[in-house]
Amino acid sequence: SERLMAENLFHRLLIAPLPYVPKPVVWRFSQRYVAGIDVDDAFAVVARLNAMGCSATIDVLGEDSTTTAEVDTAKELYFKALEGIPSRDLDCNASVKLSDMGLRFDHDLCFDTMEAIVARAAELGNFVRIDMEDSSVTSVTLDIYRRLRERHENVGTVIQSCLHRSRDDVQSLLGDGIAHLRLCKGIYIEPGEIAYTDADDIRQSFRMLLEQLFEGGATKVGIATHDPALVAHAEQTIRRLNVDKSRYEFQMLLGVAGTMRSRLIREGHPLRVYVPFGERWHAYSMRRLRENPGIAGHIVKNLFTRS
C-alpha cells in the first residue's frame with residue numbers, strides 16, 4: 001500500500017542519522033532497553049522486575065568473540081552473574097550467545113566454555129538458555145545443545161519461526177525428549193531459499209510451531225514475541241489444550257510492550273523479561289532503536305534541541 005511505503009520511507013529517513021548521534025544521547029534513551037554497564041546494574045533491574053511479578057534472564061551483551069581472552073572474560077562475567085543471583089534471592093536465569101563463547105573460531109573451546117557455564121549453573125540450581133544466531137550457525141548450535149543435554153538438563157535453546165527447517169528441528173528435539181525451547185520469529189535477514197521473508201508467513205510458522213511444541217509434549221516453551229496477534233493465538237492455544245503453567249512462559253525484551261506485559265502478568269501467565277547489560281550496549285541499543293522509530297525520532301530531535 002502507498003501508506004505503508006510512505007511510512008517505511010519516513011522511518012528510514014528517521015533512523016539514518018542514528019550512527020552520528022553522540023553516545024551520551026543514545027545512552028539516555030538506551031536505558032529503556034539495557035540494564036546498564038555492569039552486572040550489579042542488571043541485578044537491580046531484575047529485582048524491580050521480580051517485584052512486578054516477572055522472572056528474568058540476564059544476557060551479557062556481546063557476540064563474535066575472536067580471541068580466547070575475550071571468551072574467558074565473557075565466561076567469568078556469566079559466572080559472576082550466576083553466582084550473584086541466589087545471594088540476592090532473584091528469580092532469574094542466563095541467556096548466552098555461542099559466538100560470544102568462541103563459536104566462530106573454535107568449536108571445542110566454545111563447547112568446553114558452555115559446559116563450564118552450564119555445570120556452574122547446575123551447581124547453583126539455575127538454568128542457561130543458548131540463544132540462536134543467524135542461519136550459518138543453526139546446525140552447530142543445535143549440535144552443541146544436544147551434546148550439553150547428554151550431561152545436563154538445565155539447558156535449553158531457541159527455534160526461529162522464520163526458518164523453513166524449524167518444523168523438522170522441533171520434531172527431532174521432541175523425539176529426543178529435549179524440547180526445552182524458546183520460540184521466536186528471528187531477527188536475522190536470511191535468504192528466501194531457507195527462510196520465510198513475508199511477515200504473515202513468519203507469523204503462521206510461529207503459530208504452527210507453537211502448536212507442534214505443545215501437542216508434541218515439549219518440556220517447556222518460551223513464547224518470545226511482542227506481536228499482539230501471536231500473543232492472542234498463544235493464549236487461545238494454551239486454553240484450548242489446557243497447557244499447565246509449568247510448561248510455558250511468555251518472554252519479552254526489556255523496555256518493550258509494557259502494557260501487554262502487565263496484562264499477561266495480571267491474568268496469571270508466567271512471564272520472563274530479557275535483561276541485557278554490558279559494555280557493548282551501544283550496538284544492541286542501535287538495533288532496538290532501529291526497530292522503534294518513535295524512540296529514534298526523539299533521539300534525532302535531541303540533536304537539534306538545546307538542553
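The values are calculated or read from the model by the stated rules, or taken from the named source; none is laboratory data. What you see is a predicted model; the values in this text were computed from it and never measured. Here Cβ is always computed from backbone atoms with ideal geometry, including for glycine, and neighbour counts include all displayed protein chains. Areas reflect the complete protein model, heavy atoms only, side chains present, ligands, DNA and RNA absent. Shrake-Rupley method; radii C 1.70, N 1.55, O 1.52, S 1.80 Å.
Quick check on the stretch 185-216: of everything there that is touching a Ser or Thr at 6+ places or on another chain (Cβ under 9 Å) and of a type in the set (A, V, I, L, M), which residue is nearest to E63 (Cα to Cα)? Once the filter is applied, the top-ranked residue is I189.
Can you tell me which residue is modelled with the lowest pLDDT among those in the stretch 45-65 that are open to solvent by 10 Å² or more (accessible area, probe 1.4 Å) and over 16 Å from the mean Cα position of the chain (by Cα)? Here the residue is D64.
Restricting attention to the stretch 66-75, the residues that are open to solvent by less than 50 Å² (accessible area, probe 1.4 Å) and among the β-branched types (V, I, T) add up to 1. Total residues in the stretch 118-128 satisfying the condition of being surrounded by fewer than 22 Cβ atoms within 10 Å (Cβ to Cβ) and part of a helix (DSSP H, G or I): the figure is 4. Selection of the stretch 150-187 for residues being outside any loop (DSSP other than H, G, I, E, B) and more than 30 Å from G125 (Cβ to Cβ) yields L163, S166, R167, D168, Q171.
Applying the criterion of being surrounded by fewer than 19 Cβ atoms within 10 Å (Cβ to Cβ) and in a loop (DSSP other than H, G, I, E, B) to the residues of the stretch 270-299, the residue that is modelled with the highest pLDDT is E279. Filtering E235, E190, E211, E249 for residues that are in contact (Cβ under 8 Å) with a residue 12 or more places away in the chain, part of a strand (DSSP E or B) and among the charged types (D, E, K, R) leaves a single hit, E249.
The rows are residues; the columns are (1) open to solvent by less than 30 Å² (accessible area, probe 1.4 Å); (2) more than 17 Å from T113 (Cβ to Cβ); (3) without any contact (Cβ under 8 Å) to a residue 40 or more places away in the chain; (4) of a type in the set (D, E).
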site: D134; (1), (2), (3), (4): no, yes, no, yes
site: S139; (1), (2), (3), (4): no, yes, yes, no
site: D143; (1), (2), (3), (4): no, no, yes, yes
site: G156; (1), (2), (3), (4): yes, yes, no, no
site: S161; (1), (2), (3), (4): yes, yes, no, no
site: S172; (1), (2), (3), (4): no, yes, yes, no
site: I178; (1), (2), (3), (4): yes, yes, no, no
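Counting the residues of the stretch 76-89 that are open to solvent by 30 Å² or more (accessible area, probe 1.4 Å) and in contact (Cβ under 8 Å) with a residue 24 or more places away in the chain gives 6. Out of the residues in the stretch 23-34 that are under 19 Å from the mean Cα position of the chain (by Cα) and open to solvent by 20 Å² or more (accessible area, probe 1.4 Å), state the one that is modelled with the lowest pLDDT. Selected residue: Q31.
Give me the residue from the stretch 26-56 that is in a loop (DSSP other than H, G, I, E, B) and of a type in the set (A, V, I, L, M) and, out of that set, farthest from F277 (Cα to Cα). So the residue we want is M52. Taken over the stretch 107-141, residues that are within 22 Å of R272 (Cβ to Cβ), modelled with pLDDT of 95 or more and under 20 Å from the mean Cα position of the chain (by Cα) amount to 12.
Within the stretch 57-85, the set of residues being in contact with a Gly (Cβ under 7 Å, 6 or more places away or on another chain) and either part of a loop (DSSP other than H, G, I, E, B) or over 19 Å from I144 (Cα atoms) (or both) comprises V60, L61, G62, S65.
Set side by side, the residues A218, A224, A229 differ, and just one is surrounded by 16 or more Cβ atoms within 10 Å (Cβ to Cβ), modelled with pLDDT of 95 or more, farther than 23 Å from N50 by Cα and small (G, A, S), which is A218.
Applying the set (1) touching a helix residue (DSSP H, G or I) at 6+ places or on another chain (Cβ under 6 Å); (2) open to solvent by 10 Å² or more (accessible area, probe 1.4 Å) to S205 leaves exactly one unmet item: (1).
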